[in-house]
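Q: After the structure tokens below, expect a handful of questions from me.
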Amino acid sequence: MITGLHHYALEVPDLAVADGFLQDFGLETKEQAGTLVALCPGRDQEQVRLLEAPAKRLHHVAFTLAPGTLDAIRESLDRAGTPVIDPPPGAVAPDGLWLRPARPAAEVLANVGGTHQRTGIAQWQLATLDVAPRRLGHTLLFTPQPREMTTFYTNVLGLGVSDTIAGGAVTFLNAGPGDHHVFGFIASTHPGFHHASFEVPSIDAIGLGADRMRSRGRDPGWGLGRHTIGSNFFHYNPDPWGSWIEWFSDIDQIDDCWVAGDWDVPPHLWGAPPPETFLANLEPPRP
Ligand SMILES: [Fe+2]
């Protein structure tokens, strides 16, 4: 029933700080009724919503549904005894959300493995043409109850488990055929937002984005590397509130035949190991 991630929303202490950070990352921003909304260039769809509050906290996550399945979701929630609440202040009502296709990306021709697709073309002259984020791909949250959360999101909302690390220390969830993961959990002492990830058109776009962040005085972050689970190229930057934002490219695509595994692997196939702060949940616990 869920087809993907629509947007995520955070409470943050300073919208001006958030605005500068998200613009350096490559998103476009606009003020909307006292909130800050961020969009991927060339796509008129909210991907991030930021509300001003004393401390940084996850506010909500919005998913997209297959057309005509809202009633089925409501029935499934009802069967599970999960109350349906009104949208929290600052959120947009579900019927006010629309899904627009990601900005088209040009074909990236590669000369890799046994395949030579690019002849007579200088890649370095093309690599800088389109480096902006195209779409929000996934977000991972901290939770003290990864098993219960996974059961809820799979049995009630219809997501699937793609893979886990270390028996559920990290859980990756899919919305059917497509990206290896659109959502997931990291076991922690309390709930929190870990990271959100945006697809860019190429590995060059990741490297160029990381250079742009460094040139603007931002923390160098973590990357470039290739992940194990999901296989995507990645680079992460710490956001101003102790969580992370990621560019990704070349993520595994799964089909209905995908078989989930439980793996004992580090997060990176190659590249520098993650900073010690990578899995720190700095979000204040809710009272
Ligand atoms: Fe990620």
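Q: Are there any pairs, at least 6 apart or on different chains, whose C-beta atoms fall under 6 Å, with the first in segment 233-254 and over 13 Å from residue 138 (Cα atoms) and outside any loop (DSSP other than H, G, I, E, B) and the second polar (S, T, N, Q) and away from the ligand (no atom under 12 Å from the Cβ), and if so, which?
A: 254/174
Q: So is residue 183 more than 20 Å from residue 18 (Cβ to Cβ) and under 18 Å from the mean Cα position of the chain (by Cα) or not? Step through it out loud before you land on a result.
A: Values: more than 20 Å from residue 18 (Cβ to Cβ): yes; under 18 Å from the mean Cα position of the chain (by Cα): yes.
Considered against the rule, which asks whether it is more than 20 Å from residue 18 (Cβ to Cβ) and under 18 Å from the mean Cα position of the chain (by Cα), residue 183 comes out as yes.
Q: Another question, then. Kindly indicate whether any position in segment 250-262 is within 26 Å of residue 161 (Cα to Cα), touching a Phe, Trp or Tyr at 6+ places or on another chain (Cβ under 7 Å) and of a type outside the set (S, T, N, Q).
A: The answer is yes; a qualifying residue exists.
Q: Further, regarding this structure: Tell me yes or no: at least one residue of segment 197-213 is of a type outside the set (D, E, K, R), under 30 Å from residue 83 (Cα atoms), over 15 Å from the mean Cα position of the chain (by Cα) and away from the ligand (no atom under 13 Å from the Cβ).
A: Taking every residue of segment 197-213 in turn, none turns out to be of a type outside the set (D, E, K, R), under 30 Å from residue 83 (Cα atoms), over 15 Å from the mean Cα position of the chain (by Cα) and away from the ligand (no atom under 13 Å from the Cβ).
Q: Pick out the one residue from 268, 190, 194, 227 that is within 13 Å of the ligand (Cβ to nearest atom) and in contact with a Lys or Arg (Cβ under 8 Å, 6 or more places away or on another chain).
A: Only one candidate qualifies: 268.
Q: Would you point out the residue of segment 58-76, among those that are in contact with a Gly (Cβ under 8 Å, 6 or more places away or on another chain) and of a type in the set (S, T, N, Q), that is surrounded by the most Cβ atoms within 10 Å (Cβ to Cβ)?
A: Out of the qualifying residues, it is 64.
Q: Looking at 84, 161, which one is hydrophobic (A, V, I, L, M, F, W, C), away from the ligand (no atom under 15 Å from the Cβ) and touching a residue at least 60 places away in the same chain (Cβ under 8 Å)?
A: 161
Q: What single numbered condition from (1) part of a loop (DSSP other than H, G, I, E, B); (2) more than 16 Å from the ligand (Cβ to nearest atom) fails to hold for residue 262?
A: Result: residue 262 fails condition (1) only.
Q: Right, another one. Working only within segment 141-156, note down all residues that are touching a Gly at 6+ places or on another chain (Cβ under 7 Å) and either surrounded by fewer than 18 Cβ atoms within 10 Å (Cβ to Cβ) or free of Cβ contacts under 8 Å to residues at least 12 places away in the same chain (or both).
A: Selection gives 147, 154.
Q: On to the next question. Just one of 72, 93 is of a type in the set (Gly, Ala, Ser) and at pLDDT below 90; which is it?
A: 93
Q: I've got another one for you. Among the numbered conditions (1) crowded, with 21+ Cβ neighbours inside 10 Å; (2) closer than 22 Å to residue 220 by Cα; (3) of a type outside the set (Lys, Arg), tell me where residue 23 comes up short.
A: In the conditions (1) crowded, with 21+ Cβ neighbours inside 10 Å; (2) closer than 22 Å to residue 220 by Cα; (3) of a type outside the set (Lys, Arg), residue 23 misses (1) alone.
Q: Here is a follow-up. Any residue in segment 100-124 that is under 25 Å from residue 6 (Cα atoms) sitting within a Cβ distance under 8 Å of a residue that is surrounded by 11 or more Cβ atoms within 10 Å (Cβ to Cβ) and of a type in the set (Gly, Ala, Ser)? List the pairs, counting only those 6 or more apart or interchain.
A: As it stands, the answer is 103/42; 103/132, since those pairs meet every condition given.
For every residue, the table says whether it meets (1) in contact with a strand residue (DSSP E or B) (Cβ under 6 Å, 6 or more places away or on another chain); (2) crowded, with 17+ Cβ neighbours inside 10 Å; (3) not acidic (Asp, Glu).
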| residue | (1), (2), (3) |
| --- | --- |
| 92 | no, yes, yes |
| 107 | no, no, no |
| 113 | no, no, yes |
| 120 | no, no, yes |
| 128 | no, no, yes |
| 133 | yes, yes, yes |
| 139 | yes, yes, yes |
| 174 | yes, yes, yes |
| 187 | no, yes, yes |
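Q: Follow-up question, since we're still on this one. Within the set of pairs 6+ apart or on separate chains, which have a first residue in segment 209-223 that is more than 21 Å from residue 129 (Cβ to Cβ), a second that is among the β-branched types (Val, Ile, Thr), and C-beta atoms under 9 Å apart?
A: Matching pairs, first to second residue: 221/245; 223/206.
Q: Let me ask something additional. In segment 1-44, which strands (runs of 3 or more DSSP E) lie fully inside it and hold 1 or more residues that are under 16 Å from the mean Cα position of the chain (by Cα)?
A: Per the criteria, 2-12, 35-39.
The values are calculated or read from the model by the stated rules, or taken from the named source; none is laboratory data. Computed from a predicted structure; not experimentally measured. Cβ atoms come from the backbone with ideal geometry, glycine included; neighbour counts cover every protein chain shown.
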